[in-house]
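For reference, the structure discussed in these notes is given below.
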Ligand code: FAD
Ligand code: UDP
């Protein structure tokens, strides 16, 4: 029987482990951390609040294939994510939408812009600001400049250390709508009991063994097949140079009050060192007379100093491709996941990728 080694017990590794196990194969999952769930890891703290250790995670997908796989393990609650941002002292909705227009501009300007947008675009359409910039229309160009300066420029400079390319800003397009939710996907929410429990359920199968505190670099045993969800440059000892990442630090504060802020995430595009503040008790409606917040700071990833969070995809394709060519020289070695594929995956993308790898390689 094929012996599979999966490196990484995050959502990618756990999805693939489950699929292989259900197909009757034996799987060993190792992770260098002392917990499963990778970046989705959460835990209940001493205040009875579920903390997302690596930052707020909200599950959302329109993909039926993903949902069909996940639903036996995840009972989603009815939480609907809302994000606000502090712009010129006004707390307003992000993504920028018709309600944001009304809160940041005087009525006459908001009205004019709204009419322009509705004349040109369908209601409920999502428009990246790059599209407004291309229009031969002074009002739309003004709006693009405003959103860029007030929403993206400061935040992205803190988050990425530079202005990111338009594929990153296109993740948060202007929404021609009054729907204040951050996501419109059919399936969304937080798994009841949290992500760690959800991933534990995925890994709970007689064909799956999990070994924590086990780094692949020092774990030298042979397996027929390796699925690697760590960073591909590390696997190859950085022979073409390190792949750059951004890293994050979350500074937790406990406050002696029921709530600290109006909703789970407030972005700070201007004026502050941190990019956003998370308040965790909103996610599972935790009952506590205290609250825990996390201020999120961004910096470059440095080996030995901090953890890899965001691949800096646009400017490092050639380097990543060099590693992919190297990977193709090895039989039965497959890279996947946010680090393995060096892609800005959300959780549903990570599951999709594991489903695809299983479909291709899982026999
Ligand atoms: P990871 O979770 O990084 O897991 C990889 C695992 O491999 C880790 O546990 C690591 O310890 C292990 N590993 C690495 N190298 C080795 C080695 N050499 N030996 C042993 N083990 C190793 N997605 C959403 O859908 N919604 C959200 O709201 C959302 N919010 C996010 C917020 C932040 C701040 C971040 C950073 C990401 C967010 N994501 C969100 C994305 C989500 O975290 C990822 O899609 C998901 O965690 C990817 O899972 P993964 O298993 O590929 O990687
Ligand atoms: N972004 C921004 N201002 C905001 C929200 C997002 O500049 O108020 C940019 C920023 O570059 C961020 C990217 O859009 O990294 C993607 O935002 P998303 O909310 O998807 O970020 P994530 O939750 O993945 O960090």
Taking first residues from region 223-235 that are more than 16 Å from residue 313 (Cα to Cα) and second residues anywhere that are within 16 Å of ligand 2 (Cβ to nearest atom) and assigned to a loop (DSSP other than H, G, I, E, B), the pairs with Cβ under 7 Å that are 6 or more apart or on different chains are 229/10
Would you check which residues across region 331-363 are in a loop (DSSP other than H, G, I, E, B) and within 16 Å of ligand 1 (Cβ to nearest atom) and list them?
336, 341, 342, 343, 344, 345, 346
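Residues checked against (1) in contact with a strand residue (DSSP E or B) (Cβ under 8 Å, 6 or more places away or on another chain); (2) more than 13 Å from residue 227 (Cβ to Cβ); (3) away from ligand 2 (no atom under 16 Å from the Cβ); (4) modelled with pLDDT under 95:
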{"site": "1", "(1), (2), (3), (4)": "yes, yes, yes, yes"}
{"site": "4", "(1), (2), (3), (4)": "yes, no, yes, no"}
{"site": "7", "(1), (2), (3), (4)": "yes, no, yes, no"}
{"site": "11", "(1), (2), (3), (4)": "no, yes, no, no"}
{"site": "15", "(1), (2), (3), (4)": "no, no, yes, no"}
{"site": "20", "(1), (2), (3), (4)": "yes, no, yes, no"}
{"site": "30", "(1), (2), (3), (4)": "yes, no, yes, no"}
{"site": "36", "(1), (2), (3), (4)": "yes, yes, yes, no"}
{"site": "39", "(1), (2), (3), (4)": "no, yes, no, no"}
Looking at region 22-41 only, could you name the residues that are outside any loop (DSSP other than H, G, I, E, B) and away from ligand 1 (no atom under 16 Å from the Cβ)?
22, 26
Scope region 6-33; condition surrounded by fewer than 24 Cβ atoms within 10 Å (Cβ to Cβ), over 21 Å from the mean Cα position of the chain (by Cα) and within 12 Å of residue 210 (Cβ to Cβ); matching residues:
21, 28, 30
Would you please list the contacts, defined by Cβ atoms under 8 Å and residues six or more apart or on different chains, that run from a residue in region 148-159 that is without any contact (Cβ under 8 Å) to a residue 40 or more places away in the chain and farther than 9 Å from residue 275 by Cα to a residue that is in a helix (DSSP H, G or I) and more than 6 Å from ligand 2 (Cβ to nearest atom)?
148/129
Could you identify the single residue in 258, 254 that is assigned to a strand (DSSP E or B), farther than 29 Å from residue 244 by Cβ and away from ligand 2 (no atom under 16 Å from the Cβ)?
254
Those residues of region 61-85 which are within 15 Å of ligand 2 (Cβ to nearest atom) and more than 20 Å from residue 177 (Cα to Cα) amount to none
Residue among 62, 45 that alone is within 14 Å of ligand 1 (Cβ to nearest atom) and more than 29 Å from residue 153 (Cα to Cα):
62
Tell me yes or no: at least one residue of region 288-295 is outside any loop (DSSP other than H, G, I, E, B), closer than 20 Å to residue 81 by Cβ and under 17 Å from the mean Cα position of the chain (by Cα).
yes
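The values are calculated or read from the model by the stated rules, or taken from the named source; none is laboratory data. What you see is a predicted model; the values in this text were computed from it and never measured. Every residue, glycine among them, receives a Cβ derived from its backbone with ideal geometry; neighbour counts consider all protein chains shown.
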